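Below is one structure, written out as structure tokens, with a few remarks after it.
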Amino acid sequence: MKVGLFIPCLVEQLYPQVGMATLRLLERYGVRVEYPEAQTCCGQPMTNSGCSADARPLARKLLKLFGGYDYVVAPSGSCVSMVRNHFDELLGGEPGLDHLRRSTLELCEFLVDVLKVPTPSGRFPHRVGLHESCHGLRELRLGSGSERRVVAFNKVRSLLAGLEGIDLVAPARDECCGFGGTFAVNEEAVSCMMGKDRIADHERAGAEIITGADVSCLMHLEGLIRRARRPLRVMHVAEILVEAS
Amino acid sequence: MAARENILEALRRAARAVALPDLPKGGARFADRRRQLGEALASVGGTCVPVADRAAADRALATLAIYREAKKIVSLVPGVGASSLEIGAVSDPHELEGLDVAVLPGTLAVAENGAVWIDGSVLPHRALFVIPEHLVLVVDAAAIVDDMHEAYARLAELPVGYGVFISGPSKTADIEQALVIGAQGARSCTLLLVGPMGERPAI
Amino acid sequence: MSGHPEAAARFVADDAKAHWHDQSLWWVRKKRDAAAATVPDWEALRSAAARIKEHTLGRLADYLEEFEKNAVRSGAKVWFASDAAEHNAIVHRILAERGITRLVKSKSMLTEECHLNPYLEARGITVTDTDLGERIVQLRHEPPSHIVLPAIHLKKEEIGELFHGELGTDKGASDPKYLTEAARQHLRRRFLEAGAGLTGVNFAVAATGGIVVCTNEGNADMGTALPPVHIACMGVEKLVPRLEELAVFVRLLARSATGQPVTTYTTHFHGPRPDGELHIVVVDNGRSAQLANDTFRRSLSCIRCGACMNTCPVFRRSGGYSYGFVVPGPIGSVLAPGRDVGAHRTLPFASSLCGSCSDVCPVRIDLHHEILAWRQEIVRRKLVPVWKRAAMRLLAFILRFAFLYRLGAWLVRRMTPILPRAIVYSRWNVWGRQRELPPMPRRSFRALYRSRHGRA
């Protein structure tokens, strides 16, 4: 199995340690990982702003770079959702697109559904609040969510739950953090109120660390936390799993 | 009418064939329909009183404070309560203002939501279910269905006409989401459930 | 031009009230969750509802004709209105022909959409909205801020003050029971004096020609049981084929809207009272155009439950008025641009695309995807400021070329930490108003990867 490592632009430039943790995790499970260096961006910021046409060349580039892998894995629910749910509108019918859409997975779902890893072991004696990013939750169904009446499951949580000493606290809501791409700037007031409410929810639940599978959410929450000087840390799930081992 | 033709034409242009899905038929959902009905009705602010027969229903009615204190009463259920006025002589529903209690017959009751179907053909005036201060509904326990699928399946067999599902007393939560019973219509809704439950009603 | 962002910012600025509004509506959302949990086949029911609507909308002309035939056979009069103006004229004519000057109304978003009240009042008709929440906002000369909970933005003290002035309740009294009782007495007089009652239509059943009206208060029933003339206004999309399909929607509506198993009253009208009249006004007002649009056709399935508003983290924190449209929230953000894309161009951007709305919609409208589709449409029509378009174009260009992208990003990572804070966090930095920028790492992932794999 040959896996192409898809590193979202936010991770590439601002949170490279998340990319490193992702790589180390995959290698730990014996995956042969390649990182195509020419990758840049999935085009989500363009589509998000209504400029889908501008995203097309980026989608094409991604298809070209990653089309040859058995799986494409990214530490990002929103980028994976872009490929699986929106590349069709941009590149409908292009050869290789079907395969790319079927084989592009977010890190946690890859570990759980494809590699079927046993519950990760390791030590992480901290109180951790899991933030369920919206794309991961409602586009990729990484978890069942509170809206739907389906059998409860949570792929991200299942990777953390087995860590020794971890206390996965339960925030009251599984609500959006307020990042939303350009929303974070277009609707700054609501975006920040949403983020602060998320943080307060996690604090009330007793979290020392907020984690999640999307760096965009974490970047927004961390920005608010640091400005308000709240005593919370923010870590990507991959970073927790690597640190725990 | 030009509007009619234009609208129909525009809708026809956008036509598309999509098959109707298979629908739930309703049926055996609750092990104890009577209990579920009672719980559902209580959750919406109503009360369910099981009684053995019409005579027992009449006796139960007489014990209710809302009935004992009532001055103006209409009962459309023979043997249960007594009208204080001749409803046949009322020609204008406005005259019913000030009605304290109305005792009305229900065709069936729905366990999943506490609703009772009142067939409009029994009502000399529609106002009879909404203008009184208190409502008493009388339904045979054998006529409890599980859910709305069953309920509508039964109604589909009856002649088409005016009717209403009533689930509990009138209510509102429009002021700060605080539930207030007795908004515009009945301030209380008591269901007298008559007789044994018997077999499941055939659909 | 001001739009949702400015209105939302004002709403958010009153932090206590914004949080109170948010909590109130979240509580309603939780009630929906609890109600849905009591229905074992909830998700299957949603799927069935979605398919029934698609089927019905796909044959809408046929169902409308069948409905009309059966409604007329039962003694109702059926009128057709292409748009709001025709609708208002028809309603007015029915009243004027009969010399009726006092009308009581139960909730109808359609009549809000058509601005019926001011039209009638300008022609000498006194209109009393009888839903308690609607009466409250009517007395305040405000529109409803939520399609199901019209006064959700008001505190009981504000309502108490309003009633003190308008209904003579005690000064300072704010107990909801006391205020509701006062409204009951006040509205009872209006019902008794009215010459006609106007209702909306929750569902219109083609096979029977009947219309279904759902209320908790009984105001639609009071308003049609007393005055002999009943005017029922419906959008063409309200049709369902038979009672069998109606059951699906009656099971979904109240649970989705308020968390109740069913509304207190679910009234089925078939023709007029023996001593009265029933007029059904069927309205298009842009619905057939929406039906013809493949991208936004599905949102015509909306049954106006309001669940999307209750679950929307943005709606809860910005309030119905910030949307500037009769129907706010996620469904409003899809319907409004269809009416006037210029006036409502900020609405599809007033969303973080979290998708919660789509997961609570009882008819499975893909709301967040339709919202995203509107963004593309708005850009295509050049309604986004030129500089924003240009910035995206530039960014997309840079991202096409790995070298340019790396260079640009490297510059940002290098420059930001050395620039004075006052420059970095100047007023141009909207992100930086309440958030720190992320710490700028010295090395990108690619650089880390290369050094790990022995490449410089």
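Bear in mind that the values in this text are calculations on the coordinates, not laboratory data. What you see is a predicted model, and the numbers here were worked out from it, not measured in a lab. Cβ: placed from backbone, ideal geometry, glycine included. Neighbour counts: every protein chain shown.
For the peptides C:168-177, C:282-291, what is the packing order when you average, over each peptide's residues, the other Cβ atoms within 10 Å and list the highest mean first?
On the way: C:168-177: 14.6, C:282-291: 22.1.
The peptides rank, most packed first, as C:282-291, C:168-177.
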- [ ] Run a plain Debye calculation on the protein assembly as shown (Cα atoms as equal point scatterers, no solvent) and give log10 I(q)/I(0) at q = 0.07, 0.09 Å⁻¹, rounded to two decimals, same order as the q list.
- [x] -0.61, -0.95
Task: Least to most buried among A:Cys177, C:Cys305 (fewest other Cβ within 10 Å first) - done: C:Cys305, A:Cys177
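From the cross-link list C:Lys105/C:Lys177; A:Lys2/A:Lys64; C:Lys17/C:Lys156, which pairs have alpha carbons spaced over 18 Å apart?
On the way: C:Lys105/C:Lys177 22 Å; A:Lys2/A:Lys64 16 Å; C:Lys17/C:Lys156 13 Å.
Those over the limit are C:Lys105/C:Lys177.
Looking only at other chains, what is the average number of their beta-carbon atoms within 10 angstrom of each beta-carbon in C:285-292?
Details: counts 1, 0, 4, 9, 2, 1, 6, 4.
Counting Cβ atoms of other protein chains within 10 Å of each residue's Cβ and averaging gives 3.
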- [ ] Please report, in cubic angstrom per residue, the volume enclosed by the convex hull of the alpha-carbon atoms of the range C:46-288.
- [x] 120 Å³
Task: chain C: Cys lacking any partner C-beta under 4.7 angstrom - done: C:Cys114, C:Cys214, C:Cys233, C:Cys302, C:Cys305, C:Cys312, C:Cys361
Open item on the list: If you take each beta carbon of peptide C:360-371 and count the beta carbons of other chains within 10 angstrom, what is the mean?
Closed with: 1
- [ ] Using amide H atoms built 1.01 Å from N in the peptide plane, name the residues 5+ places from A:Phe153, or on other chains, whose amide H lies under 5 Å from its own.
- [x] A:Ser144, A:Gly145
Open item on the list: Can you work out the Karplus-derived ³J(HN,Hα) for every residue in the range A:83-100? Use 6.51 cos²θ - 1.76 cosθ + 1.60 with θ = phi - 60°, whole Hz, and x for glycine or proline.
Closed with: 5, 6, 9, 10, 5, 4, 5, 7, 10, x, x, 5, x, x, 5, 4, 5, 4
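Could you put C:His19, C:His453 in order, starting from the residue whose Cβ has the fewest other Cβ atoms within 10 Å? Don't skip to the answer; put the middle values down first.
Values: C:His19 16, C:His453 8.
Starting with the residue having the fewest Cβ neighbours, the order is C:His453, C:His19.
Per DSSP H run of n ≥ 4, the term is -39500 (n - 2.57); total these for chain C, divide by its residue number, and report the mean residue ellipticity at 222 nm rounded to 500 deg cm²/dmol.
Taken over chain C, the calculation gives -16000 deg cm²/dmol.
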TODO: Show me C:12-18, A:18-24 ranked by packing, highest mean number of other Cβ atoms within 10 Å first.
DONE: A:18-24, C:12-18
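Please figure out what share of the DSSP beta bridges in the range A:127-244 is antiparallel and state it in percent, rounded to the nearest 5. Walk me through the intermediate numbers first.
Working: 1 of 11 bridges.
Looking only at bridges with both residues in the range A:127-244, the antiparallel portion is about 10 percent.
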Task: Calculated FRET efficiency for the pair C:Asp33/C:Met415, C-beta based, R₀ 41 Å, to 0.05 - done: 0.30
Open item on the list: From the Cα trace of the range A:2-114, what convex hull volume per residue do you get, rounded to a whole Å³?
Closed with: 89 Å³
Task: Rough spin-label spacing in nm, given labels placed 7 Å along Cα→Cβ, for C:Lys382 and A:Arg226 - done: 4.1 nm
TODO: Amide H neighbours of C:Ile231 under 5 Å, at least 5 residues apart or on other chains, H built in the peptide plane: list them.
DONE: C:Gly197, C:Leu198, C:Thr199, C:His279
Task: Burial ordering of B:His125, C:His186, A:His236, fewest other beta-carbon atoms within 10 Å first - done: C:His186, B:His125, A:His236
Open item on the list: At 7 Å along Cα-to-Cβ for each site, give me the label-to-label distance between C:Ala391 and A:Glu34 in nm.
Closed with: 3.8 nm
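Please return the longest stretch of chain B lacking exposed loop sites, where GluC sites (Glu not before Pro) count only if DSSP places them in a loop and at most 16 other Cβ atoms lie within 10 Å. Spell out each step's value before the answer.
Numbers: sites that count: B:Glu69, B:Glu86, B:Glu97, B:Glu157, B:Glu199.
Free of exposed loop sites, the longest segment is B:1-68.
With 18 Å as the cut-off, how large is the P(r) tail for the range A:127-244, expressed as percent of Cα-Cα pairs? Could you put the intermediate results ahead of the total?
Details: 3352 of 6903 pairs.
Everything past 18 Å amounts to 49 percent.
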- [ ] Determine the distance separating the Cα centre of the range B:50-71 from the Cα centre of the range C:165-240; give it in Å without decimals.
- [x] 30 Å
TODO: Can you list which of the chymotrypsin sites (Phe, Trp or Tyr not before Pro) found in the range C:348-456 are DSSP loop residues with at most 13 other C-beta atoms within 10 Å?
DONE: C:Trp428
Open item on the list: For a quick check: with amide H placed at 1.01 Å from N, whose amide H comes under 5 Å from A:Leu168's, ignoring anything fewer than 5 positions away on the same chain?
Closed with: A:Val128
Task: Phi to ³J(HN,Hα) by Karplus 6.51 cos²θ - 1.76 cosθ + 1.60 over the range C:5-19, Hz, x for Gly, Pro - done: x, 5, 5, 5, 4, 5, 5, 5, 4, 8, 4, 5, 5, 4, 5
Task: 20 Å reach of a label modelled at B:Asp22, 7 Å along Cα-to-Cβ, counting backbone N of the range C:26-50 - done: C:40-50
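Using only atoms on other chains, find how many Cβ atoms lie within 10 Å of each Cβ of peptide C:200-211 and report the average.
Values: counts 0, 0, 0, 0, 0, 2, 0, 2, 4, 1, 4, 0.
For peptide C:200-211, the averaged partner shielding equals 1.
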